[in-house]
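Novice: Before we start, here is the structure in question, set down as structure tokens.
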Amino acid sequence: MPEESLTVDDHNPVINQDMTLDRVLSGEINSTDIQISREALQNQAAIADTANRAALAENLRRAAELTRIPNEEILSMYNTLRPHRSTRKELEDLCYRLEKEYGALTTARFIRDAISVYDQKGLLRRGRAGR
């Protein structure tokens, strides 16, 4: 996909005006004004592919998947992925949820790959899931 195909929302006042801390603190600018779209991330991944930047493209695809997930769930996932916070089963359950509820197949595959690394490095929580 050629670079010139990337577009932004020309009607978004945040894009067409200066973004300042004062505007953020006053509530004039909120998180929905500045978040990137799934489509923009997918387009950037395609550009990265054409530039032979496979790792960057994969990161952008995962980011595109994550745009479907509510922010509160993203924060919960972040905490679940921290060392010694989750058992293997809890991480596998997270992967299942990512696939079934959000269609985030690339992200689930990435976490599945990380589970074995967590296990090798002793980063999984041992014991029962309820502890």
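Novice: Under a plain spin-label model, where a point goes 7 Å from the Cα along Cα-to-Cβ, how far apart in nm are Thr20 and Tyr96?
Specialist: In this crude spin-label approximation the distance works out to 5.2 nm.
Novice: Give or take rounding to whole Å, what are the principal axis extents of the alpha carbon atoms in the range 69-131, in descending order?
Specialist: Each principal axis gives a Cα extent; for the range 69-131 these are 28, 21, 15 Å.
Novice: While we're on this one: To the nearest 0.05, what FRET efficiency results for Gln35 and Arg112 with a Förster distance of 25 Å applied to their C-beta separation?
Specialist: The pair Gln35/Arg112 has a calculated efficiency of 0.40.
Novice: OK, next. Quick check on the range 21-131: what are the equivalent-ellipsoid semi-axes from the Cα gyration tensor, as sqrt(5λ), descending, whole Å?
Specialist: The answer is 29, 21, 12 Å, longest axis first.
None of the figures in this text is laboratory data; all of them are computed from the coordinates on show. Model, not experiment: these values are computed from the prediction. Cβ atoms come from the backbone with ideal geometry, glycine included; neighbour counts cover every protein chain shown.
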